[in-house]
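The values are calculated or read from the model by the stated rules, or taken from the named source; none is laboratory data. The structure presented is a predicted model; accordingly, all values stated were derived computationally and were not measured. Every residue, glycine among them, receives a Cβ derived from its backbone with ideal geometry; neighbour counts consider all protein chains shown. With ligands, DNA and RNA removed, areas are computed over all heavy atoms of the protein, side chains included. Shrake-Rupley method; radii C 1.70, N 1.55, O 1.52, S 1.80 Å.
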Amino acid sequence: MNLSPSLLARIFIPFALGYFLSYLYRVVNTIIAGDLSKDIQIDAGQLGLLTSTYLITFAAVQLPLGILLDRYGPRKIEALLLLFAAAGAVVFAMAQSLGWLIVGRALIGFGVSACLMAAFKAFVQWFPKEKLPLVNGLQFTAGGFGILAASIPVEYALNFTDWRGVFMGLAVLTLMVSLLVFFVVPDKPMPANQATLKEHINGILHIFTSRQFWGISPWAVATQASFLSIMSLWAGPWLRDVAGLERAAIAPVLSWLAIGVIAGYFFLGVMAERLARHGFSTLHVASIGLVMFILVQFALILEWTSLSTLWWILFGFFGTTGVLAYAYLSQQFAPELAGRVNTALNLLVFVFAFIAQWGIGVVINWYSAGDTHHYNPLGYQIAFSIALAVQVLTMLWYFWQASKR
């Protein structure tokens, strides 16, 4: 399929901007965590619950989202949902209590829930399947820039405003991207014979009962849950409480983490596409990267803080590897199931990321005796070790399943 550069831009750029915002919202709390804890007086467990609310509302939408994307197309669905994210940012900015912060965070998670899946659906519609690892990698790269924007730029903005002003600004940006998606993205003609709701549900059941789905999913889910939960909240507090850095020094390290994520998404997507031409599957690239991600986490658990920046760069780079599972699974099912395949995997990723992010906070709080300013380093060590143990178990499951093929 030959697409003009202008059409490619109309398909890619609006979705990339939406995913940029999705990631910015996801990780911004790692910079403002200290301010939130002081202003609203919340402990580590409450901070984990608040931030992870984004993840659980995000997850709750995934299965119906897959049906909506397959039935109505990505443009309308993403544009509509982004309006809820903009409203959530306003609620968050105006909140005076933990309860209202949670409501705002929940609306944000709901509102950005389509930013990745809508793009994936559009890419499956417009691009040949051999290009999906590359174009998906570019989409994830846009998310990496969202992480970058949530570090030094947010820290810089806090010199002129507070976290409430930051979220008001995000609300305006989100509204603008919603309008861009609605008015700029082209619609791919939908098939004349639309499937019934029962057939859509049967498609979901087919995915969840597929051996191919369960071969790689547990490992991808475990690693992505750890990656998302730590990167989007606990990286900043770890640098404060374990590495002993102040907020101004934390932001540059998080920027390097973001650069690692950007490099990982771009490089791994390009490499997966090129190696596929030589018979080296996307799954092989993913498995090597996930093993490296597990090894990097040992450095954080062992508190090798003299090389903190290096470990967080590698954490970001290899943490991106799990997303290759989306491209792999998209290739294993019929194109009309693409939305539901990706949202099925996304559902599991975000449910377990919610559990991991909140659970890490609970463990840290247990060892910190409710301190709202600084947390006990031992809490991080125990919590990160539990997350790593789950990843190792799912890795063993993957290699056991692979040996039976």
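Once you have a ≥ b ≥ c as the square roots of the Cα gyration tensor eigenvalues for segment 140-297, tell me rounded if a/c is under 1.5, and otherwise prolate or oblate according to whether a/b is larger than b/c. The shape class here is oblate.
Post the alpha-carbon centroid distance, segment 350-373 to segment 65-107, in whole angstrom. The two parts, judged by their Cα centres, are 24 Å apart. Listed by chain and number, the lysines placed with their C-alpha closer than 17 angstrom to that of Lys188 are Lys76, Lys121, Lys129; residues fewer than eight positions away on the same chain are left out.
Show Asp35, Asp162 ordered by accessible area, largest first, where the area counts protein heavy atoms only and the probe is 1.4 Å.
Descending order: Asp162, Asp35.
Using a probe of 1.4 Å, the accessible surface attributed to Ser255 totals some 10 Å² when neighbouring protein chains are kept in position. Evaluating 6.51 cos²θ - 1.76 cosθ + 1.60 at θ = phi - 60° for every residue in segment 364-379, the Karplus couplings come out as 4, 5, 4, 8, 10, 6, x, 4, 9, 10, 9, 10, 5, x, 4, x Hz, glycine and proline recorded as x. Taking Ser151, Ser22, Ser281 as the candidate residues, the one with maximal mean-square fluctuation in a Gaussian network model of the chain, Cα springs under 10 Å, is Ser281.
Measuring gaps between exposed loop sites in the chain (chymotrypsin sites (Phe, Trp or Tyr not before Pro); DSSP loop; at most 15 other Cβ atoms within 10 Å), the longest gap, sites not included, is 1-159. Against the criterion of solvent-accessible heavy-atom surface with a 1.4 angstrom probe, Ser403, Ser37 sort, most first, into Ser403, Ser37.
Mind running the shape call on segment 271-363? Use the C-alpha gyration tensor, a ≥ b ≥ c as the square roots of the eigenvalues: rounded below 1.5 for a/c, prolate if a/b tops b/c, oblate otherwise.
On the way: a/c = 3.63, a/b = 1.41, b/c = 2.59.
Taking the square roots of the gyration eigenvalues as a ≥ b ≥ c, segment 271-363 is oblate.
Within the accessible area of segment 42-139, the carbon and sulfur atoms contribute 74%, probe 1.4 Å, all protein chains present.
Under the rule a/c < 1.5 gives rounded, and otherwise a/b versus b/c splits prolate from oblate, where does segment 39-174 land using the Cα gyration tensor? Prolate shape, in that a/c is at least 1.5 and a/b is the bigger ratio.
Karplus-derived 3J(HN,Hα) values for segment 272-283, using 6.51 cos²θ - 1.76 cosθ + 1.60 with θ = phi - 60°, are 4, 5, 5, 5, 4, 5, 10, x, 9, 6, 4, 5 Hz; glycine and proline are entered as x.
Among the listed options (1) 68, 63, 35; (2) 72, 53, 36; (3) 58, 48, 38, the one matching Cα extents along the principal axes in Å as calculated from these coordinates is (3).
Only Lys, Arg, Asp and Glu count, each charged at its Cβ (+1, +1, -1, -1), so figure out the dipole size of the chain about its Cα centre, rounded to 20 debye.
On the way: 21 positive and 16 negative charges, 235 e Å.
Value, rounded to 20: 1140 debye.
Under a Cβ-Cβ cut-off of 15 Å, what is the net charge of the residues other than Ile56 that fall near it, where Lys and Arg count +1 and Asp and Glu count -1? Working shown, then result.
Working: positive: Arg26, Arg105; negative: none.
Local charge sum for Ile56: +2.
Quickly estimate the mean residue ellipticity at 222 nm for the chain, helices only: each DSSP H run with n ≥ 4 gives -39500 (n - 2.57), and the total goes over all residues, rounded to 500. List each step's numbers first, then the result.
Numbers: 19 runs with 321 residues, N = 405.
Estimated from H runs of four or more residues: -26500 deg cm²/dmol.
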